[in-house]
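A.B. asks: Quick one: the structure is below, and I'll ask about it shortly.
What follows is calculated from the coordinates using simple rules that are stated; it is not laboratory data. Every value quoted in this text rests on a predicted model; they were computed, and no experiment measured them.
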Amino acid sequence: MKNFICIMCPKGCHLTVDEDNDYAVTGYSCNKGVKYGKAEATNPVRVVTSTVVVRNGESVRCSVKTADGIPKQFVRDAMKEINQVRLKAPVKTGDVAIENLLNTGVNVVVTSSVQAS
């Protein structure tokens with residue numbers, strides 16, 4: 001049995017996932033909890049948010065995030081990759097800062113624009 005607190009809505013249901021019973025989920029108040037509990041028990045993923053350096057811009061950093069969740073065990077290595085990024089202004093929301101992060105098929109995208117100085 002694994003226990004989780006669901007983060008799919010503000011309720012924060014206390015879920016129990018029974019790995020020996022086809023990952024049966026209890027403690028949920030909506031179907032989002034079932035989906036979250038099973039995914040968290042079998043293949044947990046996280047969206048990573050951070051900032052990267054921007055050269056020649058009106059700001060020295062811009063915010064970025066993974067376009068989708070990546071396997072939880074890759075988060076530390078993902079941050080090492082993200083911390084190496086140096087973009088040149090101008091950058092705009094939606095630009096790809098890293099393509100195919102750690103061969104996950106997930107891009108890291110810019111979430112705040114920076115104009116050239």
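A.B. asks: So how tilted is helix 31-42 from the main axis of the chain? Cα-based, degrees 0 to 90, rounded to 10.
C.D. replies: For 31-42 against the chain, the angle is about 80 degrees.
A.B. asks: Another question, then. Normalised by the number of residues in the chain, what is the relative contact order in percent for Cα pairs under 8 Å and 6+ residues apart?
C.D. replies: Across the chain, relative contact order equals 20 percent.
A.B. asks: Run lengths n ≥ 4 of DSSP H only: what is the helix-derived mean residue ellipticity at 222 nm for the chain, with -39500 (n - 2.57) per run over all residues, to the nearest 500?
C.D. replies: -5000 deg cm²/dmol
A.B. asks: Could you tell me the relative contact order of the range 2-43? Use alpha-carbon pairs under 8 Å, at least six residues apart, and round to a whole percent.
C.D. replies: The value is 35 percent.
A.B. asks: How many angstrom lie between the Cα centre of the range 29-64 and the Cα centre of the range 79-108?
C.D. replies: 13 Å
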